[in-house]
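**Q** Take this structure, written in structure tokens, and hold onto it; I'll ask about it next.
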Ligand code: GDP
Ligand code: MG
């Protein structure tokens, strides 16, 4: 008979292989073993059974009752599970600890005869308070564990035990009630309820189920009254925490067919249901509706269940107060962290390559605008936050919100860095490209004959550069991120474009200045050279003066200065025209003109020095002398005769030429009798001239020094050498006169 004392045995258990394949779990998974150890493989089992991703769409049922009352047999019948059942031959206790298995009779989706999704059934080691007093501890702990996790508690009871108020079952139920109150100590305003589902075994039917039900409810109420209730809960009734249902099952051995039929009917009650007023009025009457009411659900997301169960068991086994809200918060922290790490893996996959590439390009000093960055960032942000929300929002709201903010912080910190890196690369490469394009366009213009519009080149390139920058910036924006704007970067970019434009304009000014200086050099070289050459003729200056007056040697320097002034004035005009065409500022033009004058003076001074090299000068003096000595007033060459006043002519010509030496020694204007007004002519150094503007200019000495062309020593040397040359010419003339006579 089933009441025969159970025999302890080695039972037979599914081995839980390290491999964790489905076959290792044919009997389900042993959540708590006989040593009260929690089995961490629960999580693996739930994944193998595809429960992990179910969210809240799963259900937990536990079964309670004395040993060997056919609990495992019942579960196997209802749910197609394979919990170990006591063999008729051996009669040994089989189920040890707590086992869990998924319902195998769920049925096809949409089928009429279909049970709720993902029912998880826990088979709890049976107890027999009278026989196993030493293990009341486990009974209490397992009851607590079952209540903290399960929606429905099946209480398995023989019909003939109904009304035996002192029976073993009553001990168990007392424990259930007590731990239930303990459970909600910390959560007194809970709306949480559980369903106690009494399955009356070996139900014969002589006593109607209704009557059995009435007896049981009366017994339970009496039991409830006897337990001591924590402060604040003294007035609570059993119905504040529990709903009741009852079902009678015929004897499996004597009425096997009826047993199977009834078990099938019973199984179909395990569907989703909802509370309606009619049901409340039933007070334990059997409802046709499904047993799983939303308020029974522990609201632990399936992916957090095993961690939650482990935490709960840890509290229970260490005799700590079980504080479900705290446990749920701890679970939320754990799972939210885990989910955060998981979604960050996906984020990393999308983003790390960009981060590496950006860092590398910065390291190489060649910041690169990364193609496709904006799209990738936007997609990664949305996906990461969305995935987190989907998984984590099922957990404790406060924790979820905090972790969600943390995740967003992490994501945004990295995206923001990428965004700014991109803007910085766009900035650097944009500025460089701008400068390069302007330079290339100028070079191109120079190649094509030099007529290019610098201002237009700059404004066109600046515009296009700005557009490119904005395009990169816009395409890298990330909707919803607080940092996603580029106003500041854009204004910095504009500022640097203006600075670089100014620098390029200064370069262009330099190029222009160089061109104009070269022009001055070649013009002065020619015209000043002509003036010096004219010295050789002994009679005339270079160009005929406008008033028709014969140019004289005396106003040689006046002519040079006039040439110089006219040439530079002309150059200044060219410079100003061109510079104003590219929007150079008045200050910039002023500096340019001042530099031009300084440089032009250097050019003139160099040209004069070239002409005044001793050999050149001696040649000029000799030509000048010979012109005066060998030609008469009309410019006709003289044929010397012995009667000619050779000596007189010689002396006059020599003295006339000798006057050139002091004349040439100093740059002095005939019209003022002083040096040219060089300082006034060059003007003050403009206040806006920088040291860079001055550094390549030759220094200008004092006016005296600057206007001294030949030193006194040089002058004397030159006089001596010229005289010798003149003497030579004289002797030759004298000889030719005598020679002419003898012929
Ligand atoms: P558990 O210890 O409560 O899980 O009980 P088991 O399911 O292992 O069954 C214990 C014994 O009761 C086994 O020998 C079963 O054959 C027997 N048994 C199973 N169902 C019934 C039933 O409906 N009525 C009776 N009288 N015995 C049953
Ligand atoms: Mg069992």
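The values are calculated or read from the model by the stated rules, or taken from the named source; none is laboratory data. All figures in this text were calculated on a predicted structure; none of them were measured in a lab. Heads up, the Cβs are rebuilt from the backbone with ideal geometry, glycines too, and the neighbour counts pull from every protein chain shown.
**Q** Look through segment 224-251, keep the residues that are more than 60 Å from the chain's Cα centre (by Cα) and crowded, with 18+ Cβ neighbours inside 10 Å, and return whichever of them is farthest from residue 153 (Cα to Cα).
**A** So the residue we want is 250.
**Q** So if I check each of 467, 456, 471, which one is at pLDDT below 95 and either in a helix (DSSP H, G or I) or under 16 Å from residue 375 (Cα atoms) (or both)? Before the answer, list the steps.
**A** On the way: 467 fails: at pLDDT below 95; 471 fails: at pLDDT below 95.
Residue meeting the stated conditions: 456.
**Q** Could you please find all residues in segment 218-256 being in a loop (DSSP other than H, G, I, E, B) and within 24 Å of residue 192 (Cβ to Cβ)?
**A** Hits for segment 218-256 are 227, 228, 229, 230, 231, 232, 233, 234, 235, 236, 237, 241.
**Q** For residues in segment 126-148 being outside any helix (DSSP H, G or I) and buried (at least 22 other Cβ atoms within 10 Å of the Cβ), which is modelled with the lowest pLDDT? Don't jump to the end; show me each part of the working.
**A** The first filter runs over segment 126-148 and keeps only residues outside any helix (DSSP H, G or I), leaving 126-132.
Narrowing further to those that are buried (at least 22 other Cβ atoms within 10 Å of the Cβ): 126-127.
On the way: 126: 69, 127: 65.
Within segment 126-148, the match that is modelled with the lowest pLDDT is 127.
**Q** If residue 662 satisfies all but one of (1) touching a residue at least 12 places away in the same chain (Cβ under 8 Å); (2) part of a loop (DSSP other than H, G, I, E, B), what's the number of the condition it fails?
**A** Looking at each condition in turn, residue 662 falls short on (2).
**Q** For segment 66-76, how many residues are touching a helix residue (DSSP H, G or I) at 6+ places or on another chain (Cβ under 8 Å) and either near ligand 2 (Cβ under 9 Å from one of its atoms) or modelled with pLDDT of 95 or more (or both)?
**A** Looking only at that region, the number is 1.
**Q** Search segment 260-278 for residues being in contact (Cβ under 8 Å) with a residue 40 or more places away in the chain and within 16 Å of ligand 1 (Cβ to nearest atom), and hand back the single one that is surrounded by the fewest Cβ atoms within 10 Å (Cβ to Cβ).
**A** Here is the first cut: in segment 260-278, the residues in contact (Cβ under 8 Å) with a residue 40 or more places away in the chain are 260, 263, 266-268, 270-272.
Subset that is within 16 Å of ligand 1 (Cβ to nearest atom): 260, 263, 266-267.
Details: 260: 13, 263: 19, 266: 19, 267: 19.
So the residue we want is 260.
**Q** Of (1) assigned to a helix (DSSP H, G or I); (2) surrounded by fewer than 19 Cβ atoms within 10 Å (Cβ to Cβ); (3) touching a strand residue (DSSP E or B) at 6+ places or on another chain (Cβ under 9 Å), residue 204 satisfies all except one. Which?
**A** (1)
**Q** Got a number for residues in segment 411-450 being under 8 Å from the mean Cα position of the chain (by Cα) and modelled with pLDDT under 95?
**A** 0
**Q** Checking the structure you have, find out if any residue of segment 369-391 is surrounded by 15 or more Cβ atoms within 10 Å (Cβ to Cβ), within 16 Å of the chain's Cα centre (by Cα) and not in a helix (DSSP H, G or I).
**A** Among the residues of segment 369-391, at least one is surrounded by 15 or more Cβ atoms within 10 Å (Cβ to Cβ), within 16 Å of the chain's Cα centre (by Cα) and not in a helix (DSSP H, G or I), which makes the answer yes.
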